[in-house]
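Visitor: The structure's right below; bear with me while I get my questions together.
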Amino acid sequence: MELNPNYPTPVEHLPRLSRVQPACDLWVKREDVTHPAYGGNKVRKLERILADARARGLRRIVTVGAAGSHQVLATALFGREAGFEVEAVLLPQPRSEHAVENLRASLALGVRPFPVGSYAAAPFAIVRRLWAGEPALYLPVGGSNRLGTLGYVDAARELATQIRDGAMPEPDVAVVTLGSGGTAAGLAVGFAQAGLKTRVLGVAVAAPVWGVSLAARWLAFRCAAGGPLAADFQRRLRVERRYLGRGYGHRTPQGDHATMQAAASGLTLDPTYTAKAFAAALDLVAQGTYRHVLYVHTLSSAPLSPLLEGAPSEDELPRELGRLFR
């Protein structure tokens, strides 16, 4: 089954959150609507990944993520629809209602969970699952391998076409969450290849920041194949660490404020990823350094309720899964 995504995703001006003096316009790239069943940035990544796995004759996927991972949920949904059995090594994370709902939906979609108590234990669990049963595709955290990252090279080219068609002015900077690194890396490479001046600000949502920064730059290097644009994309990708707060999954005061501001403009954020990136975008507008700021909205806006049909309640979760939420 094909994903049948909704491309191109629209770009919208946010006049209520823009600034008149000095002038700075805030725009949003609506990656939340990439698919009517479940949108967000995982759709572009999975499109290439699932097609490659199918071409290789694989029928099983082993992935890894936090207990409430968006990537695990998206893989469970689209992988099942494409005929794959999906297994997930699940890691602890701070509890939030959003994360719990994601886990419940993943279980309802048939994902086979393999919880581990720490990040250090994850590699051993992944190897065990890869060696269990028929050959399997390993899908790293966030879906951020080379193929997944190329999905956001495509997105950058799509945006370049929208700019040429007059949908929005060329942004000075694009602000996006930086977790596994694939989205930011793909955008940086794609902007360079399209000849845009746009820089990428990756807002770190996980620690260690040096680690996620290195992962993004390595993915960008692989996508660009070390070509003549290698120095260009390295210069245009900057990592911002000031919005991380206490770490992955922990909300921040800036993120909570950004969530309220976004809601007034019709955008729904989550505290783990998009609230922190949108807070950074709002601060760039307030500073007035740039003329055009683009926020890339990577959280699905599709209702989760259809995916929760038949899902266990939080009280019904197996004890080893419930313990993943700290």
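The values are calculated or read from the model by the stated rules, or taken from the named source; none is laboratory data. Note that the structure is a prediction, hence the values are computed from the model and not measured. Cβ coordinates were reconstructed from backbone atoms using ideal geometry, including for glycine residues, and neighbour counts include every protein chain displayed.
Visitor: Which one is nearest to Glu12 (Cα to Cα) among residues in the range 263-277 that are touching a residue at least 40 places away in the same chain (Cβ under 8 Å) and of a type in the set (A, V, I, L, M, F, W, C)?
Guide: Top of the filtered list is Leu267.
Visitor: Turning to a different aspect of this structure: Only one of (1) assigned to a helix (DSSP H, G or I); (2) surrounded by 16 or more Cβ atoms within 10 Å (Cβ to Cβ) is not met by Arg16, so which one is it?
Guide: Answer for Arg16: the failing condition is (2).
Visitor: For a quick check of your reading of the model, give me the residue pairs whose first member lies in the range 157-186 and is assigned by TED's automatic domain parsing to the domain that holds Glu240 and more than 26 Å from Ala23 (Cα to Cα), whose second is part of a helix (DSSP H, G or I) and among the aromatic types (Phe, Trp, Tyr), with beta-carbon atoms closer than 7 Å and at least 6 apart or on different chains.
Guide: Gly182/Tyr152; Thr183/Tyr152; Gly186/Tyr152
Visitor: When you look at Tyr138, is it within 25 Å of Ala215 (Cα to Cα), under 20 Å from the mean Cα position of the chain (by Cα), not assigned by TED's automatic domain parsing to the domain that holds Glu31 and not in a loop (DSSP other than H, G, I, E, B), yes or no? Spell out the reasoning first.
Guide: Numbers: within 25 Å of Ala215 (Cα to Cα): yes; under 20 Å from the mean Cα position of the chain (by Cα): yes; not assigned by TED's automatic domain parsing to the domain that holds Glu31: yes; not in a loop (DSSP other than H, G, I, E, B): yes.
Considered against the rule, which asks whether it is within 25 Å of Ala215 (Cα to Cα), under 20 Å from the mean Cα position of the chain (by Cα), not assigned by TED's automatic domain parsing to the domain that holds Glu31 and not in a loop (DSSP other than H, G, I, E, B), Tyr138 comes out as yes.
Visitor: Let me ask another. Check whether at least one residue in the range 223-244 is part of a helix (DSSP H, G or I), within 15 Å of Val176 (Cβ to Cβ), charged (D, E, K, R) and more than 18 Å from the chain's Cα centre (by Cα), and report yes or no.
Guide: Residues of the range 223-244 that are part of a helix (DSSP H, G or I), as a first pass: 223-224, 230-236.
Imposing the further condition that a residue be within 15 Å of Val176 (Cβ to Cβ) reduces the set to 233, 236.
If we keep only those that are charged (D, E, K, R) as well, we get 236.
Adding the requirement that they be more than 18 Å from the chain's Cα centre (by Cα) leaves 236.
Yes: the range 223-244 contains one or more residues that are part of a helix (DSSP H, G or I), within 15 Å of Val176 (Cβ to Cβ), charged (D, E, K, R) and more than 18 Å from the chain's Cα centre (by Cα).
Visitor: Go through the range 283-326 residue by residue and tally those that are of a type in the set (Lys, Arg), loosely packed, with under 13 Cβ neighbours inside 10 Å and farther than 27 Å from Asp256 by Cβ.
Guide: Going through the range 283-326, the residues of a type in the set (Lys, Arg) turn out to be 291, 319, 323, 326.
Narrowing further to those that are loosely packed, with under 13 Cβ neighbours inside 10 Å: 319, 326.
With the extra rule that they be farther than 27 Å from Asp256 by Cβ, the set shrinks to 319.
Summing the residues that are of a type in the set (Lys, Arg), loosely packed, with under 13 Cβ neighbours inside 10 Å and farther than 27 Å from Asp256 by Cβ in the range 283-326 gives 1.
Visitor: Oh, and also: Does Gly40 qualify as being buried (at least 24 other Cβ atoms within 10 Å of the Cβ), touching a residue at least 12 places away in the same chain (Cβ under 8 Å) and either in the same structural domain as Thr177 (by TED's automatic domain parsing) or not in a helix (DSSP H, G or I) (or both)? I'd like the intermediate steps shown before the answer.
Guide: Working: buried (at least 24 other Cβ atoms within 10 Å of the Cβ): yes; touching a residue at least 12 places away in the same chain (Cβ under 8 Å): yes; either in the same structural domain as Thr177 (by TED's automatic domain parsing) or not in a helix (DSSP H, G or I) (or both): yes.
Yes.
Visitor: In the range 98-135, what residues are of a type in the set (S, T, N, Q) and in a helix (DSSP H, G or I)? Reasoning before the result, please.
Guide: Step one: filter the range 98-135 for residues of a type in the set (S, T, N, Q), giving 102, 106, 118.
Residues satisfying the conditions are Asn102, Ser106.
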